[in-house]
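Single-structure report; data block below.
Read-outs throughout are calculated quantities, based only on the coordinates presented, and are distinct from any laboratory measurement. What you see is a predicted model; the values in this text were computed from it and never measured. Ideal geometry is used to build each Cβ from the backbone, glycine not excepted, and the neighbour counts take in all protein chains shown.
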Amino acid sequence: MPSKNPQQAKWNQRYQNTQAPNAPARVLIDNRHLLPLQGDALELACGLGGNALELARAGLRTQAWDISDVAIAKLQHLARQQQLPLQACCIDLEPQSLGVASFDLICVTGYLDRALCPAISAALRPGGLLFYQTFSGAKHGTSGPSNPDFVLQQGELLRLFCKLTPLVYREPLHDLNPDQNRPDQAYLVARR
């Protein structure tokens, strides 16, 4: 039965013919040494869950949330196959769905909903870590979102999470390598 939610239908169609999870994001790869040795992790807007799988492999009890039930079913199958401590759920994200002081780590990549940012901060336990990476500034070429609502302005990621303590921040200069066919991305690792 087709989804009545147009966003869910859009993402279900996108993931229908994709089997392999995405590779872990640069923010996780570059800062793996900052991951806690144990605890509860959440990947928001996980898609096929490349970050969630990485977090579970690192020993964290991991939840992965996405609006696409197709992506979630595929991720659940992978987690069972690999016997990972990962629970994937189909959730249409709203601020109240995150709870308060619920997670030791939250990872968000390639997704931007500014209205969720205060709830994301509040969902971290004291000392909890945020790993966030998404599209920033003018993009190069044709990849990345075309809607400016889904693109960070310069320095915006720091402002959105100003109540957290930044540990690592990276934002590319937009005038370098203008011929590359890739979107610019900013990332932040911050502690509550």
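Per-structure values
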{"quantity": "Charge-dipole axis of the chain as Lys and Arg at +1 and Asp and Glu at -1 on Cβ define it, positive-most pick from Asn17, Pro36, Ile72", "calculated": "Pro36"}
{"quantity": "Reach of Lys10 by Cα under 16 Å, taken over aspartates and glutamates that are not fewer than 8 positions away in the same chain", "calculated": "Asp66, Asp69, Asp92"}
{"quantity": "The range 1-35 residues near the modelled Phe150 label - backbone nitrogen below 16 Å, point 7 Å along Cα→Cβ", "calculated": "6-16"}
{"quantity": "DSSP bridge pairs, the chain: antiparallel proportion in percent, nearest 5", "calculated": "35"}
{"quantity": "Interchain or long-range residues, amide H under 5 Å from Leu60's placed H", "calculated": "none"}
{"quantity": "Under-5 Å amide H pairs with Ile91, H placed in peptide plane, nonlocal only", "calculated": "Asp66, Ile67"}
{"quantity": "The chain: translational diffusion in µm²/s, Stokes-Einstein, Kirkwood Rh over Cα pairs, 20 °C, 1.002 mPa s", "calculated": "126"}
{"quantity": "Kyte-Doolittle mean at least -1.0 and Cα axial length at least 18 Å: DSSP H helices in the chain", "calculated": "69-82"}
{"quantity": "Extended-chain gain in nm, criterion 0.36 nm per residue less alpha-carbon gap, Asn5 and Asn17", "calculated": "2.4 nm"}
{"quantity": "Dipole magnitude of the chain about its Cα centre (Cβ charges: Lys, Arg +1; Asp, Glu -1), debye to nearest 20", "calculated": "300"}
{"quantity": "Two-site label geometry, Tyr169 and Gln81: point separation in nm, points 7 Å out along Cα→Cβ", "calculated": "4.0"}
{"quantity": "Expected 222 nm ellipticity per residue - DSSP helices of 4 or more, -39500 (n - 2.57), all of the chain, to 500", "calculated": "-7000 deg cm²/dmol"}
{"quantity": "Percent RCO, i.e. relative contact order, over the chain, from Cα pairs under 8 Å lying at least 6 residues apart", "calculated": "18"}
